[in-house]
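Single-structure report; data block below.
The values are calculated or read from the model by the stated rules, or taken from the named source; none is laboratory data. Because the structure is a prediction, the values reported are computed rather than measured. A quick note on method: Cβ atoms are made from the backbone with ideal geometry, for glycine too, and the neighbour counts reach across all protein chains shown. Accessible surface areas use protein heavy atoms only, side chains included; no ligands, DNA or RNA. Shrake-Rupley method; radii C 1.70, N 1.55, O 1.52, S 1.80 Å.
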Amino acid sequence: MLKSDTVRLRLTQPEDAAARYVWFNDPDFTRLYLGRPAVLRYRQVEEEVFLVCQSTVASGLAELAIEIPDGNRYIGNAFFRRINWQDRHAEYGIFIGPHEYWGKRLGAEATRLMLAYGFQELGLHRIWLTVFALNHRGLRCFEKCGFRQEGVFREVTYSGGVFQDIIGMSILDHEYRSAQ
(Lines give C-alpha, C1' and ligand atoms only; values in the text may rest on other atoms or scores of the structure.)
Protein backbone atom coordinates (compact mmCIF):
# COMPACT_ATOMS: atom_id res chain seq x y z
CA MET A 1 0.00 0.00 0.00
CA LEU A 2 1.22 3.48 -0.91
CA LYS A 3 -0.12 6.44 1.02
CA SER A 4 0.05 10.14 1.71
CA ASP A 5 -2.04 12.40 3.89
CA THR A 6 -4.73 12.74 1.21
CA VAL A 7 -4.81 9.44 -0.71
CA ARG A 8 -4.02 5.79 -0.26
CA LEU A 9 -3.25 3.36 -3.07
CA ARG A 10 -4.19 -0.28 -2.53
CA LEU A 11 -4.61 -3.38 -4.64
CA THR A 12 -7.69 -3.38 -6.83
CA GLN A 13 -10.41 -5.68 -5.47
CA PRO A 14 -13.35 -7.44 -7.19
CA GLU A 15 -15.78 -5.25 -5.17
CA ASP A 16 -14.43 -2.20 -7.05
CA ALA A 17 -16.31 -3.29 -10.18
CA ALA A 18 -19.64 -1.76 -9.09
CA ALA A 19 -18.27 1.79 -8.74
CA ARG A 20 -16.14 1.41 -11.84
CA TYR A 21 -19.20 0.34 -13.84
CA VAL A 22 -20.99 3.58 -12.88
CA TRP A 23 -18.00 5.72 -13.85
CA PHE A 24 -17.38 3.96 -17.16
CA ASN A 25 -20.98 4.67 -18.18
CA ASP A 26 -20.91 8.35 -17.14
CA PRO A 27 -20.80 10.60 -20.26
CA ASP A 28 -18.63 13.29 -18.63
CA PHE A 29 -16.15 10.69 -17.35
CA THR A 30 -15.88 8.85 -20.67
CA ARG A 31 -15.47 12.10 -22.62
CA LEU A 32 -12.43 13.07 -20.50
CA TYR A 33 -10.82 9.66 -20.17
CA LEU A 34 -11.92 7.76 -23.26
CA GLY A 35 -12.62 10.63 -25.66
CA ARG A 36 -16.03 9.27 -26.52
CA PRO A 37 -19.20 7.99 -24.93
CA ALA A 38 -19.05 4.39 -23.86
CA VAL A 39 -21.75 2.01 -22.87
CA LEU A 40 -20.34 -0.99 -21.06
CA ARG A 41 -22.16 -3.95 -19.67
CA TYR A 42 -21.53 -4.76 -16.02
CA ARG A 43 -20.04 -8.12 -17.01
CA GLN A 44 -17.40 -6.36 -19.16
CA VAL A 45 -16.30 -4.20 -16.24
CA GLU A 46 -16.37 -7.13 -13.86
CA GLU A 47 -14.14 -9.18 -16.20
CA GLU A 48 -11.70 -6.27 -16.57
CA VAL A 49 -11.44 -5.87 -12.80
CA PHE A 50 -10.95 -9.63 -12.41
CA LEU A 51 -8.04 -9.53 -14.89
CA VAL A 52 -6.51 -6.58 -13.05
CA CYS A 53 -6.77 -8.47 -9.77
CA GLN A 54 -4.98 -11.46 -11.32
CA SER A 55 -2.20 -9.44 -12.97
CA THR A 56 1.27 -8.86 -11.59
CA VAL A 57 3.93 -6.24 -12.14
CA ALA A 58 6.04 -8.93 -13.78
CA SER A 59 3.30 -9.45 -16.37
CA GLY A 60 3.45 -5.78 -17.34
CA LEU A 61 0.54 -4.30 -15.40
CA ALA A 62 0.50 -2.64 -12.00
CA GLU A 63 -2.91 -1.14 -11.19
CA LEU A 64 -3.82 0.26 -7.80
CA ALA A 65 -7.13 1.57 -6.49
CA ILE A 66 -7.19 5.12 -5.15
CA GLU A 67 -8.93 5.65 -1.83
CA ILE A 68 -9.36 8.69 0.34
CA PRO A 69 -8.49 7.91 3.95
CA ASP A 70 -11.71 9.46 5.24
CA GLY A 71 -13.98 6.41 5.20
CA ASN A 72 -11.72 4.44 2.85
CA ARG A 73 -13.81 5.58 -0.11
CA TYR A 74 -12.70 4.14 -3.45
CA ILE A 75 -12.50 6.99 -5.98
CA GLY A 76 -10.42 5.76 -8.92
CA ASN A 77 -7.38 3.92 -10.17
CA ALA A 78 -3.77 4.63 -11.12
CA PHE A 79 -1.74 2.19 -13.15
CA PHE A 80 1.36 1.30 -15.11
CA ARG A 81 0.77 -0.86 -18.15
CA ARG A 82 2.88 -1.94 -21.07
CA ILE A 83 5.80 -2.20 -18.66
CA ASN A 84 8.91 -2.85 -20.72
CA TRP A 85 11.50 -4.33 -18.39
CA GLN A 86 14.32 -4.36 -20.95
CA ASP A 87 14.04 -0.67 -21.79
CA ARG A 88 12.71 0.23 -18.32
CA HIS A 89 9.67 2.26 -19.33
CA ALA A 90 5.92 2.07 -18.78
CA GLU A 91 2.72 3.83 -19.75
CA TYR A 92 0.98 5.63 -16.89
CA GLY A 93 -2.75 6.16 -16.52
CA ILE A 94 -5.10 7.46 -13.88
CA PHE A 95 -8.79 8.15 -13.47
CA ILE A 96 -10.91 9.67 -10.73
CA GLY A 97 -14.54 8.61 -10.99
CA PRO A 98 -16.80 10.64 -8.70
CA HIS A 99 -17.23 14.21 -9.97
CA GLU A 100 -17.05 15.64 -6.45
CA TYR A 101 -13.37 14.60 -6.29
CA TRP A 102 -12.38 16.18 -9.62
CA GLY A 103 -10.13 19.24 -9.27
CA LYS A 104 -9.22 18.45 -5.63
CA ARG A 105 -5.55 17.60 -6.43
CA LEU A 106 -6.11 13.97 -5.45
CA GLY A 107 -5.02 12.82 -8.90
CA ALA A 108 -1.77 14.76 -8.56
CA GLU A 109 -1.09 13.18 -5.18
CA ALA A 110 -1.80 9.70 -6.52
CA THR A 111 0.46 10.46 -9.51
CA ARG A 112 3.30 11.51 -7.21
CA LEU A 113 2.97 8.26 -5.27
CA MET A 114 2.99 6.25 -8.50
CA LEU A 115 6.04 8.11 -9.82
CA ALA A 116 7.93 7.33 -6.61
CA TYR A 117 6.88 3.69 -6.93
CA GLY A 118 7.84 3.54 -10.61
CA PHE A 119 11.24 5.17 -10.32
CA GLN A 120 12.33 4.11 -6.83
CA GLU A 121 10.81 0.64 -6.49
CA LEU A 122 10.43 -0.63 -10.06
CA GLY A 123 13.60 1.04 -11.37
CA LEU A 124 11.93 2.56 -14.41
CA HIS A 125 13.84 5.07 -16.53
CA ARG A 126 10.88 6.63 -18.38
CA ILE A 127 7.19 6.92 -17.61
CA TRP A 128 4.96 8.13 -20.41
CA LEU A 129 1.28 8.82 -20.99
CA THR A 130 -1.26 10.12 -23.43
CA VAL A 131 -4.04 12.52 -22.49
CA PHE A 132 -6.87 14.07 -24.48
CA ALA A 133 -6.17 17.73 -25.23
CA LEU A 134 -9.63 18.62 -23.91
CA ASN A 135 -8.71 17.23 -20.46
CA HIS A 136 -7.29 20.52 -19.14
CA ARG A 137 -7.26 19.39 -15.49
CA GLY A 138 -5.33 16.28 -16.43
CA LEU A 139 -2.77 18.24 -18.45
CA ARG A 140 -2.17 20.67 -15.57
CA CYS A 141 -1.87 17.79 -13.13
CA PHE A 142 0.74 15.97 -15.21
CA GLU A 143 2.75 19.14 -15.82
CA LYS A 144 2.80 19.91 -12.08
CA CYS A 145 4.03 16.36 -11.44
CA GLY A 146 6.97 16.90 -13.83
CA PHE A 147 5.75 15.38 -17.09
CA ARG A 148 6.88 17.18 -20.24
CA GLN A 149 4.96 17.35 -23.46
CA GLU A 150 6.60 15.32 -26.23
CA GLY A 151 4.15 15.83 -29.02
CA VAL A 152 0.61 16.09 -30.27
CA PHE A 153 -1.21 13.34 -32.10
CA ARG A 154 -3.45 15.55 -34.19
CA GLU A 155 -7.15 14.77 -34.56
CA VAL A 156 -6.76 11.13 -33.53
CA THR A 157 -10.24 10.46 -32.22
CA TYR A 158 -13.70 11.60 -33.26
CA SER A 159 -15.90 12.70 -30.35
CA GLY A 160 -18.75 15.12 -29.88
CA GLY A 161 -18.89 15.88 -33.58
CA VAL A 162 -15.23 16.94 -33.85
CA PHE A 163 -11.82 15.34 -34.11
CA GLN A 164 -9.78 15.54 -30.91
CA ASP A 165 -6.02 15.81 -30.36
CA ILE A 166 -4.10 13.58 -27.96
CA ILE A 167 -1.03 14.91 -26.13
CA GLY A 168 1.97 12.64 -25.49
CA MET A 169 3.95 13.35 -22.31
CA SER A 170 6.76 11.72 -20.34
CA ILE A 171 9.07 12.09 -17.37
CA LEU A 172 12.55 10.58 -17.01
CA ASP A 173 14.06 9.25 -13.82
CA HIS A 174 16.73 11.99 -13.61
CA GLU A 175 14.04 14.68 -14.09
CA TYR A 176 12.02 13.10 -11.29
CA ARG A 177 15.03 12.87 -8.97
CA SER A 178 16.16 16.46 -9.62
CA ALA A 179 12.69 17.74 -8.73
CA GLN A 180 12.71 15.93 -5.33
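Which value at 222 nm does the chain reach when only helices count, each DSSP H run of 4 or more adding -39,500 (n - 2.57), with the total divided by all residues and rounded to the nearest 500 deg cm²/dmol?
-8500 deg cm²/dmol
Summing Lys and Arg as +1 and Asp and Glu as -1 over all other residues whose Cβ lies under 10 Å from the Cβ of Ala17 gives a net charge of -3. Positive contributions from Lys and Arg (+1) and negative ones from Asp and Glu (-1), summed over other residues with Cβ under 14 Å from the Cβ of Gly60, come out at 0.
Is the C-alpha gyration tensor of segment 24-115 telling us rounded, prolate or oblate? Criteria: a/c under 1.5 is rounded; beyond that, a/b larger than b/c is prolate, otherwise oblate. List each step's numbers first, then the result.
Working: a/c = 1.60, a/b = 1.23, b/c = 1.31.
The shape class here is oblate.
Computed extension gain for Arg177 through Phe50, at 0.36 nm per residue and net of the alpha carbon distance, reaches 42.3 nm. Taking all Cα pairs closer than 8 Å and separated by 6 or more residues, the relative contact order of the chain comes to 19 percent.
Between segment 13-71 and segment 136-175, the C-alpha centres lie 21 angstrom from each other. Residues considered: Glu100, Glu47, Glu109. Largest GNM mean-square fluctuation over the chain, using C-alpha springs under 10 Å, is found at Glu100. How would you classify segment 97-180 from its alpha-carbon gyration tensor, with a ≥ b ≥ c the square roots of the eigenvalues: rounded for a/c under 1.5, else prolate if a/b is greater than b/c, otherwise oblate? Verdict is oblate for segment 97-180.
Computing the accessible area with a 1.4 Å probe over protein heavy atoms, can you report the carbon and sulfur percentage for the chain? Before the final figure, lay out each step's value.
Details: 5000 of 9840 Å².
Roughly 51 percent of what the probe reaches on the chain is carbon or sulfur.
Note on Leu122 and Val162: their simple-model spin labels are 3.4 nm apart, each label 7 Å out from Cα toward Cβ.
Between rounded, prolate and oblate, where does segment 33-180 land on the alpha carbon gyration tensor, with a ≥ b ≥ c its root eigenvalues, rounded for a/c under 1.5, else prolate if a/b exceeds b/c? Rounded, since a/c falls under 1.5.
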